[in-house]
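Accompanying notes for the structure given below.
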């Protein structure tokens, strides 16, 4: 009940901001307000390193005078500060240049139904208990092997907050959410070889977090197995992306079909709608209404309703990723993606991770990527990588200091399989991904 009262109070505050914008002459306005609180504790080498309690708040206001737009923000929610913020936004709009595509979403794009997506699970986590969990997590990692020689620490975090969005078209909605995580990173040494690796768990509901000892052991296991990594000679071979790094491939897809890159004509998938960009078995879809999921939302950052939809079906690109502004620039309707996609699902095949290694046969398993070497205009792809060399479906030894390269158009078309070893810890849900052939730059 207390949270419902707080949401109502903040909704009333946002409505008063919209009213103030109208009083100051704005023809349209939108406002977003957030209030967050949380706890973060890090333990390192058995001692507490940091304890942080935080409480943040922020307000952003955007106003329109016809086709002229102005925005301002503040972290001070006093009446005087709010009025000054609205005045500043109005001042910017009055003297700004006109943009024929500026404005609020169309009325019929806005969300009108708000199902309970079970996104709010507060964790009554005292600092003492968080310290215990962090130390236990790190202890599990440090005791895994004598080759674990140092630690970057274990961190336990708990965050919850309320966000309210409103606009002058009558949209006004507050919602609450939570996000909790436990992570651990350690260093290992064998001879002259030193490595670092990590593991983490994240969930909206703390009851769904992985056990701290399991997180610690995985961090240590991942570190130890990377010790005494070798280089590879330059070659071409099949590449298997482990699930935790495979999501970046589909992040590049979303970037290429996002409105900003499309209307700027800076995408390698320009004019690719309704063409085949993946093999026929690939199905990629957005599912915003998954109960309890990290990316679930009934509306986007502009209040536009989200919807379950195919982005790629039978390998064919079916839809773009658009905000209101980019949609208007392209002469299309918003897809409800201001702020990003909501639970991007890449459908899995039948193979688990061991089965995917068998499919790889002889080639490279990538478990870490470095750098941002993706040219969105051309699709050229080149990133530093580390992982393991695999022969006959069996991991042989760790590899490091290599670069993998290709072109995303070719990589997408030559995608061989998606594993059922799905990583659920982010907004993109995919298993491991096998690419038929890529270039490896090494020794």
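The values are calculated or read from the model by the stated rules, or taken from the named source; none is laboratory data. Because the structure is a prediction, the values reported are computed rather than measured. Ideal geometry is used to build each Cβ from the backbone, glycine not excepted, and the neighbour counts take in all protein chains shown.
Just to be sure I understand, how many residues within segment 73-93 are in a helix (DSSP H, G or I), surrounded by fewer than 16 Cβ atoms within 10 Å (Cβ to Cβ) and free of Cβ contacts under 8 Å to residues at least 60 places away in the same chain?
Number of matching residues: 5.
Let me confirm something: among 40, 78, 8, which residue is under 23 Å from residue 173 (Cβ atoms) and in the same structural domain as residue 132 (by TED's automatic domain parsing)?
Values: 40 fails: under 23 Å from residue 173 (Cβ atoms); 78 fails: under 23 Å from residue 173 (Cβ atoms).
None of the others qualify; the one that does is 8.
Filtering segment 191-214 down to residues that are in a strand (DSSP E or B) and in contact with a helix residue (DSSP H, G or I) (Cβ under 8 Å, 6 or more places away or on another chain), which residue is farthest from residue 229 (Cα to Cα)?
Taking segment 191-214 and keeping what is in a strand (DSSP E or B), we get 193-203.
Next, from what is left, pick out any that are in contact with a helix residue (DSSP H, G or I) (Cβ under 8 Å, 6 or more places away or on another chain): 195-201.
Numbers: 195: 9, 196: 12, 197: 13, 198: 17, 199: 19, 200: 23, 201: 26 Å.
Residue satisfying both the conditions and the ranking: 201.
In contact with a helix residue (DSSP H, G or I) (Cβ under 7 Å, 6 or more places away or on another chain), surrounded by 20 or more Cβ atoms within 10 Å (Cβ to Cβ), part of a strand (DSSP E or B) and at pLDDT 95 or above: does that describe residue 162?
Criteria met by residue 162.
Kindly provide the set of residues from segment 302-336 that are surrounded by 16 or more Cβ atoms within 10 Å (Cβ to Cβ) and at positive phi, ordered by number.
Correct list: 303, 315, 336.
Regarding segment 392-406, can at least one residue be identified that is assigned to a loop (DSSP other than H, G, I, E, B), at pLDDT below 95 and more than 20 Å from the chain's Cα centre (by Cα)?
No, segment 392-406 contains no residue that is assigned to a loop (DSSP other than H, G, I, E, B), at pLDDT below 95 and more than 20 Å from the chain's Cα centre (by Cα).
Matching residues to (1) assigned by TED's automatic domain parsing to the domain that holds residue 172; (2) part of a loop (DSSP other than H, G, I, E, B); (3) touching a helix residue (DSSP H, G or I) at 6+ places or on another chain (Cβ under 9 Å); (4) buried (at least 19 other Cβ atoms within 10 Å of the Cβ):
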position	(1), (2), (3), (4)
22	yes, no, no, no
48	yes, no, yes, no
51	yes, no, yes, no
55	yes, no, no, no
64	yes, no, yes, yes
71	yes, no, yes, no
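Just name the residue that is farthest from residue 185 (Cα to Cα) out of those in segment 117-137 that are in contact (Cβ under 8 Å) with a residue 24 or more places away in the chain and part of a loop (DSSP other than H, G, I, E, B).
Per the stated criteria, the residue is 117.
Would you mind telling me which numbered condition in (1) surrounded by fewer than 16 Cβ atoms within 10 Å (Cβ to Cβ); (2) touching a residue at least 60 places away in the same chain (Cβ under 8 Å) residue 10 fails?
For residue 10, the exception is condition (1).
Residue 419: in contact with a helix residue (DSSP H, G or I) (Cβ under 7 Å, 6 or more places away or on another chain), over 19 Å from residue 370 (Cβ atoms) and surrounded by fewer than 16 Cβ atoms within 10 Å (Cβ to Cβ), yes or no?
no
Name the residue that is surrounded by the most Cβ atoms within 10 Å (Cβ to Cβ), counting only residues in segment 348-375 that are touching a strand residue (DSSP E or B) at 6+ places or on another chain (Cβ under 7 Å) and closer than 19 Å to residue 424 by Cβ.
356
Would you confirm whether or not segment 97-114 contains a residue that is free of Cβ contacts under 8 Å to residues at least 24 places away in the same chain and outside any strand (DSSP E or B)?
Here is the first cut: in segment 97-114, the residues free of Cβ contacts under 8 Å to residues at least 24 places away in the same chain are 108.
Those still in the list that are outside any strand (DSSP E or B) too: 108.
For segment 97-114, residues free of Cβ contacts under 8 Å to residues at least 24 places away in the same chain and outside any strand (DSSP E or B): present.
Is it true that some residue in segment 149-157 is farther than 30 Å from residue 63 by Cβ, without any contact (Cβ under 8 Å) to a residue 12 or more places away in the chain and in the same structural domain as residue 40 (by TED's automatic domain parsing)?
So far as segment 149-157 goes, no, none of its residues is farther than 30 Å from residue 63 by Cβ, without any contact (Cβ under 8 Å) to a residue 12 or more places away in the chain and in the same structural domain as residue 40 (by TED's automatic domain parsing).
Determine whether residue 337 is closer than 25 Å to residue 100 by Cα and in contact (Cβ under 8 Å) with a residue 12 or more places away in the chain.
yes
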